[in-house]
Amino acid sequence: MSAMTTTDAQHQQLDQAVDQLPVTATVAGELFAVADALLAQPALRRSLSDPSTVAERRADLARTLFGGKVDDLTREVVATAATGRWSDRGLTRAIERQGVRAWFRVSQAEGQLATVEDELFRFGRVVAGDPELELTLVNPGAALDRRRGIVERLLTGRTHPATVALAVRAVGVEHGGYPDQIERYLELSAAAQQQSIATVTVARPLDQDQEARLRAGLIKQTGQAIVLHVVVDPSVVGGIKVELGDEVIDGTVGGRIHQLRQRFS
């Protein structure tokens, strides 16, 4: 496990502060809009993250700038974020992170968190399995609105509104592939619930008993609650592959054959 950085600590501190505030879908959407505004206006971004200005003055400035333009709760999240010490674009990323977490909190309040997490995971897998679609979504030569529109059309009416909002937002990643960004979003949700994510690849779907026994074993191993994402892939023939953080346990037939080949090569 990697050591926590100063930025990680700042994010956690902001998470804890924002979690004391109520949240709505309006707030979640507005936080993304504020992040976009900061990204598009360097002067505004710098004024709210200027380390030479006292933290409370930066918070007051945020309240003044966004007063009457966004929900009062959105304004308070931005003001709270502005009290932190961020790099030039760090404040933008911090507010966007809160937008992501807000959408998960909204779905959790509705009792739909598991549904949203599963829908996001499945869509990430769909994109990962379609090179043409993934290339389209990360193509910097195509207009961002057009790329996001593709995702919106694919998911609207078929998935939870939070799934749509997060899947659309993931198109605007600054680095890495689209499925990687979806995975980062899911990790944020898991961390907020003090859970670990285990991606399980099997040849055939697990029944309830098998899934329960697997989850119990992973909970015993990690000491944390586990979110299982099950991928059915007939090409593995048999066995099971578990990816848990940086650890990979490959007990599939294909994995064992590969290990034997390496041993005797």
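The values are calculated or read from the model by the stated rules, or taken from the named source; none is laboratory data. Quick caveat, the model's predicted, so the values are computed rather than measured. Note that we place each Cβ from the backbone using ideal geometry, even for glycine, and neighbour counts take in every protein chain shown. For accessibility, only protein heavy atoms count, side chains too; no ligands or nucleic acids. Shrake-Rupley method; radii C 1.70, N 1.55, O 1.52, S 1.80 Å.
Brief remarks follow.
- Pair list, Cβ < 9 Å and 6+ apart or interchain, from the range 32-48 residues that are assigned by the TED database to the domain that holds Thr92 and among the charged types (D, E, K, R) to residues that are open to solvent by 40 Å² or more (accessible area, probe 1.4 Å) and modelled with pLDDT of 95 or more: Asp36/Glu96
- When we screen Arg105, Arg125, Arg93 for residues that are closer than 17 Å to Val171 by Cα and under 14 Å from the mean Cα position of the chain (by Cα), the only hit is Arg93.
- Single residue of the range 214-251 satisfying the filter (more than 17 Å from Gly129 (Cβ to Cβ) and exposed (fewer than 11 other Cβ atoms within 10 Å of the Cβ)) that is modelled with the lowest pLDDT: Asp246
- Any hit, the range 51-72, residues being within 28 Å of Ala167 (Cα to Cα), polar (S, T, N, Q), out of contact with any strand residue (DSSP E or B) (no Cβ under 9 Å at 6 or more places or on another chain) and open to solvent by less than 70 Å² (accessible area, probe 1.4 Å): no
- Failed condition for Glu183, given (1) open to solvent by 70 Å² or more (accessible area, probe 1.4 Å); (2) modelled with pLDDT of 95 or more; (3) within 25 Å of Gln13 (Cβ to Cβ): (2)
Table: residues versus (1) in contact (Cβ under 8 Å) with a residue 24 or more places away in the chain; (2) surrounded by 15 or more Cβ atoms within 10 Å (Cβ to Cβ).
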{"position": "Asp88", "(1), (2)": "yes, no"}
{"position": "Ala94", "(1), (2)": "yes, yes"}
{"position": "Arg105", "(1), (2)": "yes, yes"}
{"position": "Asp118", "(1), (2)": "yes, yes"}
{"position": "Val127", "(1), (2)": "yes, yes"}
{"position": "Pro131", "(1), (2)": "no, no"}
{"position": "Thr136", "(1), (2)": "no, yes"}
{"position": "Ala142", "(1), (2)": "no, no"}
{"position": "Arg148", "(1), (2)": "yes, yes"}
